[in-house]
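Below is one structure, written out as structure tokens; the observations come after it.
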Amino acid sequence: MAHAAQYLQEAAQILARLDPTPIEALAELIARTRERGGRLFILGVGGGAGHASHAVSDFRKIVGLEAYAPSDNVTELTARINDEGWETVYAHWLAGSRLRADDLVLVFSVGGGDLERNISPNLVRALEYARSVGAAIAGVVGRDGGYTARVADVCVIIPTVNPATITPHTEAFQAIIWHLLVCHPRLQANAMKWESAAR
């Protein structure tokens, strides 16, 4: 089978296996965060950082929710890495943002963080900090979800159908999930351009 056909077949299998229940629970958690005046902090590394930036824009503009991604400020991010280290960079950024119990931390990650294998330790330390202040935690992750899935209040796990394509499928479906959320009737507060133009 050609690669394109196989990849699309895998994507269809993932779509068929995705459980909508945690996605609905995540929509509700985000809605409750907005209702109590909380903020949304989206954390990711690599592709997850790129997703965080895009998603923050959508949650602010479409959902009307105050949202931030620490990876958006490269100057502060690299200064903290240089001065304090990679492992604590997001935890210290959240502390500087006065993370509080009304807030929600959302993680986009393939593995969800794993201290033992030194994979995304900055996500683990950030979630430890979030838990210590009583903030809610959510994730959209792949495989078994790692540390994020273990500590999250709500976690969407993208099913694995081929171990050779875990990363591209997880990152692709993270975009599907957050776009589903921003147009969710429980969350969407503002019209999107092309939908409103079509009317």
In the range 133-165, residue surrounded by the fewest Cβ atoms within 10 Å (Cβ to Cβ) [restricted to those that are at pLDDT 95 or above and at positive phi]: 134
Enumerated helices (runs of 4 or more DSSP H) restricted to the range 1-101, each holding at least 1 residues that are closer than 17 Å to residue 137 by Cα and at pLDDT 95 or above: 20-35, 47-58, 89-96
Options 28, 76, 35; residue that is within 18 Å of the chain's Cα centre (by Cα) and surrounded by fewer than 18 Cβ atoms within 10 Å (Cβ to Cβ): 28
Residue identified as under 17 Å from residue 39 (Cα atoms) and buried (at least 22 other Cβ atoms within 10 Å of the Cβ) among 106, 123: 106
Selected residue (only one of 189, 95 is surrounded by fewer than 16 Cβ atoms within 10 Å (Cβ to Cβ), within 21 Å of residue 35 (Cβ to Cβ) and over 15 Å from the mean Cα position of the chain (by Cα)): 189
Condition met for residue 130 (assigned to a helix (DSSP H, G or I) and buried (at least 21 other Cβ atoms within 10 Å of the Cβ)): yes
Residue match in the range 100-107 (condition: among the β-branched types (Val, Ile, Thr) and in contact with a strand residue (DSSP E or B) (Cβ under 7 Å, 6 or more places away or on another chain)): yes
So residue 56, is it in contact with a strand residue (DSSP E or B) (Cβ under 6 Å, 6 or more places away or on another chain), crowded, with 24+ Cβ neighbours inside 10 Å and under 21 Å from residue 26 (Cα atoms): no
Which numbered condition residue 112 misses (of (1) outside any loop (DSSP other than H, G, I, E, B); (2) under 24 Å from residue 170 (Cα atoms); (3) under 16 Å from the mean Cα position of the chain (by Cα)): (1)
Residue check, residue 46 free of Cβ contacts under 8 Å to residues at least 12 places away in the same chain and on the phi > 0 side of the Ramachandran plot: yes
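The values are calculated or read from the model by the stated rules, or taken from the named source; none is laboratory data. Note that this is a predicted model, so its numbers are computed, not measured. Heads up, the Cβs are rebuilt from the backbone with ideal geometry, glycines too, and the neighbour counts pull from every protein chain shown.
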